[in-house]
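Remarks on the structure that follows.
Values quoted throughout were computed directly from the atomic coordinates according to the rules given, and no laboratory measurement underlies them. In this text, all values refer to a predicted model and were calculated from it rather than measured experimentally. Because the Cβ atoms are built from the backbone with ideal geometry, glycine has one as well, and the counts that use them run over all protein chains shown.
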Amino acid sequence: MRRNANNVNSKMPMPFWLLVGVSTVALAAAILTFFPRTVLANALLSKNVTGTSMTAPVALPTPVMTEAAKAERRMPANLLHGMASWYGSVFNGRQTASGETFNMYAMTACHPTLPFGTKVRVENTQNHKAVVVRITDRGLLYDGRVLDLSYAAAEKLDMLKPGVAKVNIQILSLGHPKG
């Protein structure tokens, strides 16, 4: 039996190859449609299609910022805020997560993620009193609180009686990441 020289595979009918070709074109069109192309809108073009020079950049729209976004932009990256509580006599003398013995009269604190030894400045937002404490413990904090202070730190911030206070926390120096 003689093979047809024009047909690559004489066993496959022509509609099969037509289907493969159309599918390939459709797949290429779908890929080009779904994947966005990056365009630099503010790039200066030295020459346009006709060859004349262009001098003005393309203007970008001005983004509208909400008040919350403006406040967040003004806040330094190393500043946290939220509710803080304190702990004292029940844990006094027990070993902390860092391996140190908890002393309720020391200027220390518990934070869920900051490295041990990190020094932070804690400010009570109601009376603007502030203390510097060192992170020595780790643990789960109740009701979305961000920090658990030692008795001594809470006393200096005047938050013993209410038990909790809204605070700003500024990271002064990062400690070692062990633990």
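Summary table
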| quantity | calculated |
| --- | --- |
| Cβ charges +1 (Lys, Arg) and -1 (Asp, Glu), total dipole of segment 67-173, debye | 220 debye |
| Extension reserve of the HIS81-THR125 stretch, reckoned as 0.36 nm per residue once the Cα distance is removed | 14.9 nm |
